[in-house]
Amino acid sequence: MAAIEVQNVHKTFRIPHEQHTTLTERVLSVFRPVTYERFEALRGVDLTVEAGTFVGIIGGNGSGKSTLLKIISGLLLPDAGTIRVDGSMSALLELGLGFSNELTVRENVELYAAVLGYPRREVRHRVDEAIAFADLERFRDAKLKNLSTGMRARLGFSTALQAEADIMLLDEILAVGDADFQVKCLNIFEDFRKRRKTVLMVSHDLGQVRRFCDEVVLLEGGRISLRGDPSSVIDQYLDSVNSARRGARFFKGARVGDGRRVRVLRGWLEDESGQEISRVRSGNPFVLVVHYEVFEDSEEPVLGFSVKAVDGTILYSVNTNWLSMRTEHVHAGQTIEMRVPLVAALPNGHYSVGVGVADRDLTVFHDTVDHVATFFVHGSACRNGVADLQGRISYRVLDGRAAAELTEPGQRRQKGEMR
């Protein structure tokens, strides 16, 4: 049975070529016409989402993903086409939309709860749960304007979750909050899957899309260009992105190199069973896999990678040259696969992997990509620092005489076990 049916939906926006922000500009604008550009966000979209399925929508910026979710939720009206929704719906699109800065945290949740249709008998309980889930109990009586942007987003997400709707619409909400909060969010999504809740999710995090979704839709230029198995659709999407980039010498802000000989094709992370992942428990092993395309014969290219924190700090980097490794001579048309076993000896948080390839003497860089893969570390007891050294605290209590006798490390080991 279909939970969502979208039939031949069109949506066009008029974008003014100039905006008037001052009184003078507005007065002068009376004497000259304002020109507009038509932007077709959606062009005849047909989409059916079956009840109990987790469907992901991917695509580049401006492809119509968020517009489609807003039309399904009722925030926007289509220019043409029909939408049918079977069941109650909660849309986590613009988190905190409708919140008032002058009301307290609790008052805002109560107001939002009325809009979302919390069951009357459970309003008080669910309001408390929403505040607790957002880790804002200390701030329940504080005005919303005194909270940070991240705290407001967490509150909006937590409040929307308590609606217990049949259908959930999620738009880029996997980046909400800090590391601990995101672990809770991911657990919620796992629960959605187990309960077979209908979910339609927009996200640029392709690892999470692979993990949670039963089916993936690729939007390009306001049209659905591909739909099917997550791995198949995502792989074809990445191939098309990489194909569009080929031939360019410089990729602004993300990619640098001479564009010759060897180029990075794709990179991802795997667990020990070979499953692609974007989330790993602190202290657990995982594998970085990178494919390089060879366009011209190259003698002993140097392969390397780095791991960075969200602020750009390099936490670890190495290459085949530093490891005293020599690669072999490669030929045009071949593909190099680099596999690097690693251990997530890191505290909770988001990290990115950059990779590169250079000539044998490290004098010419053929290709470097800043963010070939991203991953999220969870489960660490560490709260500060850049590494989790897996320290485990042990102790014992000694009386004065025993403590005085333990003057040498060897004696300490012989006088009993630590707890």
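Annotations
- With respect to the conditions (1) touching a residue at least 12 places away in the same chain (Cβ under 8 Å); (2) on the phi > 0 side of the Ramachandran plot, VAL357 lacks only one, and its number is (2).
- The helices (runs of 4 or more DSSP H) located wholly in the stretch 55-158 that include 2 or more residues which are closer than 30 Å to VAL216 by Cβ and among the aliphatic types (A, V, I, L, M) occupy 65-73.
- Identification of strands (runs of 3 or more DSSP E) wholly contained in the stretch 312-393 with 3 or more residues that are within 23 Å of LEU186 (Cβ to Cβ) and either under 29 Å from the mean Cα position of the chain (by Cα) or modelled with pLDDT of 85 or more (or both) yields 349-358, 365-378.
- Residue check for LEU161: touching a helix residue (DSSP H, G or I) at 6+ places or on another chain (Cβ under 8 Å), hydrophobic (A, V, I, L, M, F, W, C) and at pLDDT 80 or above: no
- Screening ASP214, ASP205 for residues that are surrounded by fewer than 21 Cβ atoms within 10 Å (Cβ to Cβ), within 27 Å of SER88 (Cα to Cα) and modelled with pLDDT of 85 or more leaves exactly one candidate, ASP214.
- Set SER203, SER148: member being more than 30 Å from LEU238 (Cβ to Cβ) and small (Gly, Ala, Ser): SER148
- Count of residues meeting criterion [of a type in the set (Val, Ile, Thr) and under 24 Å from ASP191 (Cα atoms)] in the stretch 51-84: 5
- Just so you know, in the stretch 2-23 the residues that are modelled with pLDDT of 65 or more and out of contact with any Asp or Glu (no Cβ under 7 Å at 6 or more places or on another chain) include one that is surrounded by the fewest Cβ atoms within 10 Å (Cβ to Cβ), and it is ARG14.
- Residue that is nearest to ARG211 (Cα to Cα) [pool: residues in the stretch 272-329 that are touching a residue at least 12 places away in the same chain (Cβ under 8 Å) and acidic (Asp, Glu)]: GLU276
- Looking across the stretch 180-231, just one residue is without any contact (Cβ under 8 Å) to a residue 12 or more places away in the chain, of a type in the set (S, T, N, Q) and assigned by TED's automatic domain parsing to the domain that holds GLY52, and that is SER225.
- Contacts under 7 angstrom Cβ, first residue in the stretch 129-144 being in the same structural domain as TYR118 (by TED's automatic domain parsing) and crowded, with 17+ Cβ neighbours inside 10 Å, partner of a type in the set (Ser, Thr, Tyr) and modelled with pLDDT under 90, 6 or more apart: ALA130/SER158; ALA130/THR159; PHE133/SER158; ALA134/SER158; LEU144/SER100
- Of all the numbered requirements in (1) surrounded by 14 or more Cβ atoms within 10 Å (Cβ to Cβ); (2) more than 18 Å from the chain's Cα centre (by Cα); (3) at pLDDT 90 or above, TRP268 misses one, and that requirement is (2).
Quick grid of which residues meet (1) in contact with a Lys or Arg (Cβ under 9 Å, 6 or more places away or on another chain); (2) loosely packed, with under 14 Cβ neighbours inside 10 Å; (3) small (Gly, Ala, Ser):
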{"site": "LEU303", "(1), (2), (3)": "no, no, no"}
{"site": "GLY349", "(1), (2), (3)": "no, no, yes"}
{"site": "VAL353", "(1), (2), (3)": "yes, no, no"}
{"site": "GLY379", "(1), (2), (3)": "yes, no, yes"}
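The values are calculated or read from the model by the stated rules, or taken from the named source; none is laboratory data. Values in this document were obtained by computation on a predicted structure and should not be read as measured data. We place every Cβ from the backbone using ideal geometry, glycine too, and count neighbours over all the protein chains shown.
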